[in-house]
Every structure is written in structure tokens, then in C-alpha cells.
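Below is one structure, written out as C-alpha cells; comments come after it.
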Amino acid sequence: MNRPNPATDPCSLARGLAEVGDWWSLMIIREAMYGTRRFSDFQQNLGIARNILSDRLNKLVERDILRKVDAGEHGTRFEYRLTDKGRDLFVVLTALRQWADKWVFQNEPPFLLVDRISDRPVQQVQVLDADGQPLKLHQVAIAAS
């Protein structure tokens with residue numbers, strides 16, 4: 001069975017996954033959210049091969065998830081910054097992190113995501129109805145827009 005072409009697939013999830021990319025791309029986005037900006041820092045923090053990092057950074061720039069900015073230092077140095085599109089992945093990665101904390105780490109995560117101001121853990125990401133009430137899977141349906 002052939003994988004559907006994400007460019008023509010009517011499923012938002014399929015297109016979103018194709019846009020964001022693979023495991024390395026998500027880890028690069030995570031690092032950018034932590035404040036990593038330079039190629040060498042991404043490489044050191046992730047332990048990723050230079051050619052793979054270069055390929056993924058280029059794809060993330062092409063897809064407008066990261067932007068490449070001239071750092072204005074000796075010679076040609078660039079930094080990679082999240083775009084609005086990239087920053088909007090924060091909720092997605094937070095939901096995935098919280099799912100892994102529960103199911104992979106059995107509610108004993110090695111790290112907590114905390115609010116910088118209050119130093120308290122962030123609340124669980126939830127799907128809410130139009131009135132702000134939490135929804136369960138059986139309470140939603142897919143409808144044409």
C-alpha cells in the first residue's frame with residue numbers, strides 16, 4: 001500500500017505531520033523553543049550528524065517554521081529563530097510531552113514544564129468546546145468546513 005501524497009491528502013493531521021517532518025525535526029523545534037539558535041549548539045545539544053542537521057534546518061526554514069537570521073558576527077554566522085508558525089507548535093509539543101509523561105514515564109517525568117513566573121507546573125493541554133468546557137474523544141466528530 002502506498003502512502004498518500006500529503007499535498008493532496010484531505011486530512012489536516014496527515015498534512016500537519018508532513019509539514020513538521022520527522023523525529024529530528026521535532027527535536028530541533030524543541031531545542032529552538034528552549035532558546036538554541038546556532039548550528040553548533042543544535043548539533044552539540046542533540047548529538048546529531050552535521051549533514052542531517054543541515055538538511056532538517058533547511059527544510060524547517062523552507063516550511064517557514066524557522067527563519068535563518070544573520071547574526072552579524074565575524075564572517076558569515078547565522079542563527080535560527082522560530083517563526084509564528086513554529087511557535088504555534090508549542091501547544092502540540094506540550095501535549096505530546098504530557099502524554100509521554102503519563103504513559104511512557106508512568107506519571108514520574110524526568111522534567112517538569114513549569115510557569116516561569118509562578119514556578120508551578122503547567123496544566124494539562126485539553127480540547128475544549130465552544131464554551132471552554134473539556135471534551136472527551138467520544139464527544140467530537142469530524143465535519144466538513
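The numbers here are math on the coordinates, done by the rules we state, and not lab data. Note that the structure is predicted; figures quoted are calculated from it, not measured. We place every Cβ from the backbone using ideal geometry, glycine too, and count neighbours over all the protein chains shown.
So for the chain, if I pair up every lysine 8 or more residues apart or on another chain, how many of those pairs have alpha-carbons under 23 Å apart?
Details: Lys59/Lys68; Lys59/Lys85; Lys68/Lys85; Lys102/Lys136.
Count of close lysine pairs: 4.
Calculate the FRET efficiency for Leu128 and Ala71 from the Cβ-Cβ distance with a Förster distance of 35 Å, rounded to the nearest 0.05.
It comes out at approximately 0.30.
Pulled fully out, how much extra length does the chain show between Ala18 and Arg38, if you take 0.36 nm times their separation in residues and subtract their Cα-Cα distance?
Working: separation 20, 0.36 × 20 = 7.20 nm, distance 2.46 nm.
Value of the extension gain: 4.7 nm.
Starting from 0.36 nm per residue, how many nanometres of slack lie between Ala100 and Gln139 once their C-alpha separation is accounted for?
Length gained between Ala100 and Gln139: 11.7 nm.
I need the peptides 115-127, 57-69 ranked by packing, meaning the mean over residues of other C-beta atoms within 10 angstrom, with the highest value on top.
By packing density, highest mean first, the sequence is 57-69, 115-127.
Relative to the longest principal Cα axis of the chain, at what angle does helix 90-103 sit, 0 to 90 degrees, rounded to 10?
Taking the Cα atoms of the chain, the angle to 90-103 is about 70 degrees.
Give the long-range amide H neighbours of Leu66: residues separated by 5 or more places, or on another chain, with amide H under 5 Å away, using H modelled in the peptide plane at 1.01 Å from N.
Sorted by chain and number, the residues that satisfy this are Val61, Thr83.
So if I take the centroid of the Cα atoms in the range 100-145 and the same for the range 76-95, what is the distance between those two points in Å?
First find each Cα centre; the distance between them is then 20 Å.
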